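*Asks:* One structure is given below, represented as structure tokens, and several questions about it will come after.
Just so it is clear, none of the values below were taken in a lab; they were calculated from the coordinates. Keep in mind it's a predicted model, so treat the numbers as computed, not measured. FYI the Cβ positions are ideal-geometry reconstructions off the backbone, even for glycines, and counts take in every protein chain you see.
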């Protein structure tokens, strides 16, 4: 091993140690001070308004954001469910926590050179700079060398850490960030609340009366459809023309997490089907945030745990 590599490993070890012992971050019931700091512009376009094709994976499987728009902070990793590309280390942390698996073969795009993606454990992350955060107010952006990361800190603030420390920070922020993320989605109109008069296009019931089971989707033509239950959502998606005059391409889908509440991107959750827990329309695919929670519910109430893309009218309605 040459002298350069010895120094590099020693420095990474120090970065990991100082972070884990609390020298760089104090965890409390509120957001760390740098998380609440004003998000100033760094002069870089993020997200990209007219992005290049940095990846062909489309949307983040956890939050639904367009990966090419958020190319500067995208991550790639794998687990027992396959290979994934996320918009951020936040979504990587969320998927890892929800699946109960540590990410493998993780790579990260370089913040200043988003066309390049490198092994995450070889990158240097800057936490808490004035860079715009992706799915968090507390940005975590990656650089290839420690020198480049330190130069960025000199101009934009923040602290240099390794991948392990960055992932730990992102994981600790998850529960605190969820209400803020949902609030931002509602403010932007990405997620909307059904009015008391809104009817489910499948059964005609009122979604506002069923806050534990309601769901919604938006289409490319700007229409929002609200459903009283996930059963109705699945039926609608299977054959739109039965329920609307002009079927349209689906843009995004949101469901209410069971039993916690709150809207989440449908693709990122685990669904219990065929259990004895009934929804407004009877048989109901229940969305759980974590696989372990869904598995526990299956053990207590029967049924099978599936991902959203595996849901069909047949398995949802099965007795």
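*Asks:* Most mobile of 101, 155, 182 per a Gaussian network model of the chain (Cα springs, under 10 Å)?
*Replies:* It is 155.
*Asks:* Okay, next question. Averaging the inverse of every distinct alpha carbon separation and then flipping it gives the Kirkwood radius. What is it for segment 207-317, in angstrom units? Could you put the intermediate results ahead of the total?
*Replies:* On the way: mean 1/r = 0.0718 Å⁻¹.
Kirkwood hydrodynamic radius for segment 207-317: 13.9 Å.
*Asks:* Report D for segment 30-155 in µm² per second (integer): Stokes-Einstein, Kirkwood Rh on Cα pairs, 37 °C, 0.692 mPa s.
*Replies:* So the translational diffusion coefficient is about 222 µm²/s.
*Asks:* Here's a follow-up. When you count, for each residue, the other Cβ atoms within 10 Å and take the mean per peptide, how do 82-90, 52-60 rank with the highest first?
*Replies:* Taking the mean over residues of other Cβ atoms within 10 Å, the ranking is 82-90, 52-60.
*Asks:* Compute the long axis of helix 163-188 from its Cα atoms, compare it with the longest principal axis of the Cα atoms of the chain, and write down the angle in degrees, 0 to 90, nearest 10.
*Replies:* 40
*Asks:* Extending each Cα 7 Å along its Cβ direction at residue 80 and residue 318, get the distance between those two points in nm, one decimal.
*Replies:* It is 2.0 nm.
*Asks:* Which of these, 167, 269, 44, has the largest mean-square fluctuation under a Gaussian network model of the chain (Cα springs below 10 Å)?
*Replies:* In the Gaussian network model the winner is 44.
*Asks:* While we're looking at this one, here's another question. For the chain, just list the percent of Cα-Cα distances falling in each 20 Å bin from zero outward, please.
*Replies:* 30, 53, 16, 1
*Asks:* Highest mean first, how do 201-207, 310-316 rank when packing is the count of other Cβ atoms within 10 Å averaged over residues?
*Replies:* On the way: 201-207: 18.1, 310-316: 15.9.
My ranking of the peptides, most packed first, is 201-207, 310-316.
*Asks:* Also: In a Gaussian network model over the chain where Cα atoms closer than 10 Å are linked, find which of 161, 273, 153 has the largest mean-square fluctuation.
*Replies:* 153
*Asks:* Report the calculated FRET efficiency for residue 147 and residue 193 (r = Cβ-Cβ distance, R0 = 35 Å), to the nearest 0.05.
*Replies:* My answer for the efficiency is 0.10.
*Asks:* A follow-up question, please. What's the FRET efficiency of residue 209 with residue 244 using the Cβ-Cβ distance as r and R₀ = 30 Å, to the nearest 0.05?
*Replies:* The value I calculate is 0.90.
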